[in-house]
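A.B. asks: Let me begin by handing over the structure; questions about it come next.
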Amino acid sequence: SIKFLFTSFEQFFAELGKRPKGMVLDRKNNDSNYEPGNIRWVTRRVSQLNTRVGENSSGVKGVFFTPWGWGVWILKKGKKKHLGTFKDKSKAIQVRREAERKYYGTI
């Protein structure tokens, strides 16, 4: 479970300062806690890219095995967008990476 490991609000505030407009709190390492050295203010887009893969069959965020093949999804403007279903896992991962570059400008 994720823990908040600051000893006080003052310690937390000294680490981050006031939240800049349009920014959200993010953990640099999602396998760690909310703790000194592991938090930052980022845009929602960066925060979405910095989420855990979780328990999925491919090990790649947004690529899942279905009875029909490897399904690919991405968040576009806060909505889930289906990018297709592919027989080949590597093709599905390639499509996901291309969509990340297109929609998020990264990776």
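The values are calculated or read from the model by the stated rules, or taken from the named source; none is laboratory data. Everything numeric in this text was worked out from a predicted model, so none of it was measured. Cβ placement follows ideal geometry from the backbone for every residue including glycine, while neighbour counts extend to all protein chains displayed. Ligands, DNA and RNA are excluded from the accessible area calculation, which covers all protein heavy atoms including side chains. Shrake-Rupley method; radii C 1.70, N 1.55, O 1.52, S 1.80 Å.
A.B. asks: Checking residue 27 against (1) of a type in the set (D, E, K, R); (2) open to solvent by 60 Å² or more (accessible area, probe 1.4 Å); (3) under 14 Å from the mean Cα position of the chain (by Cα), which single condition isn't satisfied?
C.D. replies: (2)
A.B. asks: For a quick check of your reading: which strands (runs of 3 or more DSSP E) sit entirely within the range 1-84 and have at least 3 residues that are within 19 Å of residue 95 (Cα to Cα) and free of Cβ contacts under 8 Å to residues at least 40 places away in the same chain?
C.D. replies: Output list reads 63-66, 69-76.
A.B. asks: Out of (1) open to solvent by 90 Å² or more (accessible area, probe 1.4 Å); (2) modelled with pLDDT of 85 or more; (3) touching a strand residue (DSSP E or B) at 6+ places or on another chain (Cβ under 7 Å), what's the single condition that is false for residue 44?
C.D. replies: Of the numbered conditions (1) open to solvent by 90 Å² or more (accessible area, probe 1.4 Å); (2) modelled with pLDDT of 85 or more; (3) touching a strand residue (DSSP E or B) at 6+ places or on another chain (Cβ under 7 Å), the odd one out for residue 44 is (2).
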